[in-house]
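Q: One structure follows; several queries about it will come next.
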Amino acid sequence: MAINGIYAGSFDPITNGHLDIIHRALKIFDTVYVSVIDNIEKDPLFSMDERINLISNSIQSDRIIVEGFQGLLVDYARKKNIFNLIRGLRAVSDFEYEFQMSLTNRSQDPRIDTVFLMTEQSYSYLSSSIVRQLAKLNGNISDYVSDYVRIKLKEKFNGSKRIT
Ligand code: ADP
C-alpha cells in the first residue's frame, strides 16, 4: 500500500527551505501532496493560482501533487484519506506553534499524525515573509528561492515600483 503525506502551507512564495522539506519527505512517502492553504485571514502577495504555479515550476516529480484547498486541513485530509501531515521545523521557536497545531489537528481527528522534518541548517532562518521583504527592497534572494520564483517576485514588485 502506498504511504502518502500532505505538506500544507501558505507557500507565499515557496522557498528553498520548503523545497528542502519536500525533498526529504519524498524519501519517506510515496506521494507528497503539496497543498496550498487558501487562508482568508492572510492577505497573500501571490494568488492561489500563482502560488500553485510557482511550486509546480520550482520542483517536478511524478510523486508530487500540487493543489489548493479551502477550509480545515483535517477536512481536506479526510477527503483525501491521508492522515500523515508533514511540517518543517526551523528552530526551537517553531516548536510551540507546531506542537499546538499538531495536537489541535489530532483533537479534530485522532487518525492524524504529524511528521516533523528538520530543515537544512542554512535555511533555518528562512521564511516566505523574509523573502518577500528582501524582494520588495530589491535585495539578493538568489540563495533563497528558485530562479523561477525570483523572476516572478521581481515582476510582482517592478509592477508597482520601478527600479532598474
Ligand atoms: P504557514 O502559513 O502554515 O506557516 P508556510 O508556507 O510558512 O505556512 O510553511 C509551511 C511549512 O513549512 C511549515 O511547517 C513551516 O515550518 C515550514 N517551513 C517554512 N520555511 C521553512 C524553512 N526555511 N525550512 C524548513 N521548513 C520551513
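Q: Collect the residues in region 77-90 that are more than 13 Å from the ligand (Cβ to nearest atom) and surrounded by 16 or more Cβ atoms within 10 Å (Cβ to Cβ), keeping them in residue-number order.
A: The answer is 77, 82, 83, 84.
Q: Also, I was wondering about something else. What are the pairs, 6+ residues apart or on separate chains, where a residue within region 7-30 that is under 15 Å from residue 120 (Cα atoms) has its Cβ under 6 Å from a residue that is of a type in the set (A, V, I, L, M, F, W, C) and near the ligand (Cβ under 9 Å from one of its atoms)?
A: These pairs meet every condition: 15/126; 17/126; 21/117; 24/117; 25/86.
Q: A further question on this structure: Between 58, 102, which is polar (S, T, N, Q) and closer than 30 Å to residue 147 by Cβ?
A: On inspection, the qualifying residue turns out to be 58.
Q: Determine the pairs where a residue that is over 14 Å from residue 119 (Cα atoms) and of a type in the set (Phe, Trp, Tyr), located within region 76-98, has a partner that is assigned to a helix (DSSP H, G or I) and within 13 Å of the ligand (Cβ to nearest atom) with Cβ atoms under 7 Å apart, the partner being 6 or more residues away or on another chain.
A: Between residues of region 76-98 that are over 14 Å from residue 119 (Cα atoms) and of a type in the set (Phe, Trp, Tyr) and residues that are assigned to a helix (DSSP H, G or I) and within 13 Å of the ligand (Cβ to nearest atom), there is no close pair.
Q: Can you tell me which residue in region 138-149 is nearest to residue 44 (Cα to Cα), limited to those that are among the β-branched types (Val, Ile, Thr) and not in a helix (DSSP H, G or I)?
A: That would be 145.
Q: Mind listing whichever residues of region 20-36 are of a type in the set (A, V, I, L, M) and surrounded by 20 or more Cβ atoms within 10 Å (Cβ to Cβ)?
A: Within region 20-36, 21, 22, 25, 32, 34, 36 qualify.
Q: Considering only region 31-43, I want to know if a residue exists there that is within 12 Å of the ligand (Cβ to nearest atom), in contact (Cβ under 8 Å) with a residue 40 or more places away in the chain and among the acidic types (Asp, Glu).
A: no
Q: I would also like to ask the following. Among the residues of region 118-164, which ones are of a type in the set (S, T, N, Q) and either within 16 Å of the ligand (Cβ to nearest atom) or within 18 Å of residue 7 (Cα to Cα) (or both)?
A: 119, 121, 122, 124, 127, 128, 129, 133, 142, 146
Q: Follow-up question, since we're still on this one. Considering only residues of region 106-117 that are under 24 Å from residue 23 (Cα atoms) and surrounded by 14 or more Cβ atoms within 10 Å (Cβ to Cβ), which is farthest from the ligand (Cβ to nearest atom)?
A: Among those residues, the one meeting the criterion is 112.
Q: Give region 125-140 a look and list any residue that's of a type in the set (S, T, N, Q) and surrounded by 14 or more Cβ atoms within 10 Å (Cβ to Cβ), or say none.
A: Correct list: 127, 128.
Q: Can you find a residue in region 50-69 that is surrounded by 14 or more Cβ atoms within 10 Å (Cβ to Cβ) and in contact with a Gly (Cβ under 8 Å, 6 or more places away or on another chain)?
A: yes
Q: Specify the residue that is farthest from residue 140 (Cα to Cα); the eligible residues are those in region 1-30 that are β-branched (Val, Ile, Thr) and within 9 Å of the ligand (Cβ to nearest atom).
A: 21
Q: Are any of the residues in region 56-66 within 24 Å of residue 106 (Cβ to Cβ) and touching a residue at least 24 places away in the same chain (Cβ under 8 Å)?
A: yes
No value in this document is a laboratory result; all are computed from the given coordinates. What you see is a predicted model, and the numbers here were worked out from it, not measured in a lab. For neighbour counting, all protein chains shown are included, and Cβ atoms are generated from backbone atoms with ideal geometry for every residue, glycine included.
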